[in-house]
Amino acid sequence: MAQYELSVTRLIDAPVDVVWRVFTEQTNEWFCPKPWRAEVQWDLRAGGRSNTVMYGPDGEEQHLEGVILEAVPGKRVVFTDAFKGDWEPAGPFMIGFFEFEAEGDKTRYTGRARHWTQEAYDQHKAMGFEPGWGAVADQLAALAEGARAEA
């Protein structure tokens, strides 16, 4: 699987509890690169539903449905689009990871996407994984660092 994995990482100048709070409570604000916006509904528990709609500046809509595989508060969330609600099979594209690790009073954030095939990996890379997930990481970092400054 590692051969079909894409990832981004950021060191966020805020403790894990602040980053996690922003991650879970302000998801719609960081989830997709601007000028796109997102409406995210996650049931953050193993087996919980993941339903996201991303809206583009020209009226585009992208619907993403999946299942949460693992949710460990302050540590990581693992999800997949291989299933829809009620375990309905879907054409699998990836398994996604959002991971958080304390480094002193900062947080190492990593977003990863594992793909089943070289074709899916290449497609995600060509779609702009690095700049897209990088922008998401930067938006999460800015919100968390702002929240830390307010505390």
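The values are calculated or read from the model by the stated rules, or taken from the named source; none is laboratory data. Because the structure is a prediction, the values reported are computed rather than measured. Don't worry about glycine lacking a Cβ; one is built from the backbone with ideal geometry, like all the others, and counts go over all protein chains shown. Surface areas here come from the heavy atoms of the whole protein model, side chains and all, with no ligands, DNA or RNA. Shrake-Rupley method; radii C 1.70, N 1.55, O 1.52, S 1.80 Å.
Just one of (1) open to solvent by less than 30 Å² (accessible area, probe 1.4 Å); (2) within 21 Å of GLY91 (Cβ to Cβ); (3) aliphatic (A, V, I, L, M) fails for LEU64. It is (1).
Filtering the range 14-28 for residues that are under 20 Å from GLU130 (Cα atoms), touching a residue at least 40 places away in the same chain (Cβ under 8 Å), open to solvent by less than 70 Å² (accessible area, probe 1.4 Å) and among the hydrophobic types (A, V, I, L, M, F, W, C) leaves a non-empty set.
Selection of the range 114-132 for residues being part of a loop (DSSP other than H, G, I, E, B) and polar (S, T, N, Q) yields only THR117. The single residue among GLY74, GLY111, GLY91 that is in a loop (DSSP other than H, G, I, E, B), at pLDDT 95 or above and open to solvent by less than 70 Å² (accessible area, probe 1.4 Å) turns out to be GLY74.
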